[in-house]
Amino acid sequence: MTDITCPYHDACGHHFDSNALDAADGDFLKSALGKSMTFMFLHCPVCSRIFQFNPVAWTAQACEAVAPKAARVAKKSNKQLEKLLAKEKVALPQAYLDHLNSGKSRPDVAIFKDEDHFTLYRLDALCKEVDVDGTRYLAVRQLAGFAQALAQVGGTGSKQAAPFSLAELAACLAIGEENTRILFIDSRDNDALWIYHLDGGDVEKTRLSVTSLIGPGVS
């Protein structure tokens, strides 16, 4: 393998040897090369930001989803935030919306034993804008951006994110995150909770649902 150029020049501004990748990314890159994959995500070992990489063409592209710096504006009320979601045609399960408005929603949740908890978005965090591949989305709708990115590199028949079609993935609502993993509601039943992995575009079903998340017994 050879040098990779981080696309975030303002952040690190130089090439790095592919051997400098951490163990997980290094193994992923070797696997991708063996499978002739043309789409994956890597972390820059210098600035730690995520970028899209094509192992076949050996090209990198900036596509990290990051929240913009908070602007000093008046805080919106829950009613205003609900109106914003309605305007953007975001239909959270009513029970979960009521849960967020109750002031008793938990800040995080354990999805896997002995792993870091997922931070759950509060109502204002759901409405914050993030950048996905150069396009702005509400955080709750960010999977639409990743579905679009997958479609661009693999076509509408992309097998990534299976068993979701890209249209189904785009309709899913993100409600939390942990590092490079996004917790989202299954658009097909509006209840089951899944995880979207930025590293590779794969999805993983959890043991939880919206119903269990707002009920007792979930830590």
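Within the stretch 17-52, the residues that satisfy the criterion of being open to solvent by less than 10 Å² (accessible area, probe 1.4 Å) and either more than 18 Å from Ala161 (Cβ to Cβ) or of a type in the set (Ser, Thr, Tyr) (or both) are Ser18, Asp25, Leu29, Leu42, Cys44, Phe51. With respect to (1) free of Cβ contacts under 8 Å to residues at least 12 places away in the same chain; (2) in contact with a Leu (Cβ under 6 Å, 6 or more places away or on another chain), the lone exception for Ser165 is condition (2). None of Thr156, Thr135, Thr119, Thr59 is at pLDDT 95 or above, open to solvent by 50 Å² or more (accessible area, probe 1.4 Å) and polar (S, T, N, Q) except Thr119. Restricting the first member to the stretch 182-201 and to residues that are farther than 15 Å from Gln94 by Cα, and the second to residues that are polar (S, T, N, Q) and buried (at least 19 other Cβ atoms within 10 Å of the Cβ), the beta-carbon pairs closer than 6 Å and six or more apart or on different chains are Gly201/Gln160. The set of residues from the stretch 120-161 being without any contact (Cβ under 8 Å) to a residue 60 or more places away in the chain and polar (S, T, N, Q) comprises Thr135, Gln148, Gln152, Thr156, Ser158.
Rundown of residues vs (1) modelled with pLDDT under 95; (2) open to solvent by 30 Å² or more (accessible area, probe 1.4 Å), yes/no style:
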residue: Ala174; (1), (2): no, no
residue: Glu177; (1), (2): no, yes
residue: Ile185; (1), (2): no, no
residue: Tyr196; (1), (2): no, no
residue: Gly200; (1), (2): yes, no
residue: Lys205; (1), (2): no, yes
residue: Leu208; (1), (2): no, no
residue: Ser212; (1), (2): yes, yes
residue: Pro216; (1), (2): yes, yes
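The values are calculated or read from the model by the stated rules, or taken from the named source; none is laboratory data. Owing to the predicted nature of the structure, the values given are computational and were not obtained by experimental measurement. Cβ sites come from the backbone with ideal geometry, for glycine too, and all protein chains shown count toward neighbours. Calculation scope for accessible area: heavy atoms of the full protein, side chains included, ligands and nucleic acids excluded. Shrake-Rupley method; radii C 1.70, N 1.55, O 1.52, S 1.80 Å.
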